[in-house]
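One structure is given below, encoded as structure tokens.
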Amino acid sequence: GEVTNPLSEVNVEVASAPVSQRWSGRDFTAAETKVLNYFQDYGITDRAALAVLLGNVKQESRFETNICEGGHRGPYHTCRRGGFGLIQWTTQGRYSGLGRHARSQGTKPEHLDTQLSYLTTEVEWKKVEHIFRSEGRSINSYMQAAYRWLGWGVHGKRTIYAQDYFNRLYMS
């Protein structure tokens, strides 16, 4: 007799995974969008947490990866003192760590991708990462975590910037 494969007649439906919604920024620059997407890919999904991260980067560097404290712009090795880059790495250990990280990645310390991947390896970030990954906190609560992470001397307009980013984030 003829043998038929009983499965050949069966329609197999594959459930498509739901497309997870993401935050997008209204009137964001390319750098702001890249930083926003990096943190979302990293597992940070709370609107206020993302707004605080963006607000702190804006206060520290205006998203300029080649900026030294005081405004000098140039390659990593020309920043002799003070902070450098996205989050103004200031201490010798953190500044040198950025250079070592870039060498290990085969990239330049001035590159946005290099700085983003470096900041999430730092012990200072690791101590507060769980707070940014948690949902439902206030901007002020996330701001306290940002202070523990960055240890800024001047608060500046961080909270104003965070509120502005919060208002410009929308689900896409």
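Summary table below
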quantity	calculated
Pairwise FRET efficiency - Arg80 versus Glu135, Cβ, R0 = 30 Å, nearest 0.05	0.15
The chain: calculated mean residue ellipticity at 222 nm from DSSP helix runs of at least 4, using -39500 (n - 2.57)	-14000 deg cm²/dmol
Between 0 and 90°, nearest 10: helix 92-105 axis offset from the chain longest Cα axis	40 degrees
Degrees between helix 47-61 axis and first principal axis of the chain (Cα, 0 to 90, nearest 10)	40 degrees
Probe 1.4 Å, protein heavy atoms only - accessible area per residue of the chain in square angstrom	57 Å²
Accessible carbon and sulfur surface of segment 100-160 relative to its total accessible area, %, 1.4 Å	52 percent
Under the Karplus curve 6.51 cos²θ - 1.76 cosθ + 1.60, θ = phi - 60°, whole-Hz ³J(HN,Hα) for segment 134-144, x wherever Gly or Pro sits	7, 9, x, 8, 7, 4, 4, 5, 5, 5, 4
Total charge dipole magnitude, the chain, about the Cα centre, Cβ charges on Lys, Arg, Asp, Glu only, Debye to nearest 20	1100 debye
Estimated distance in nm for a label pair at Met171 and Glu69, the labels positioned 7 Å out from Cα along Cα-to-Cβ	4.2 nm
Proximal lysines to Lys58, defined as alpha-carbon separation beneath 20 angstrom and excluding residues fewer than eight positions away on the same chain	Lys34, Lys157
Exposed trypsin sites (Lys or Arg not before Pro) absent - longest run of the chain, DSSP non-H/G/I/E/B, at most 16 other C-beta within 10 Å	82-126
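The values are calculated or read from the model by the stated rules, or taken from the named source; none is laboratory data. Just so it is clear, the model here is predicted, and its values are computed rather than measured. Using ideal geometry, Cβ is built from the backbone for each residue, glycine included, and neighbour counts are taken over all protein chains shown. All accessible areas refer to the heavy atoms of the entire protein, side chains included, with ligands and DNA or RNA removed. Shrake-Rupley method; radii C 1.70, N 1.55, O 1.52, S 1.80 Å.
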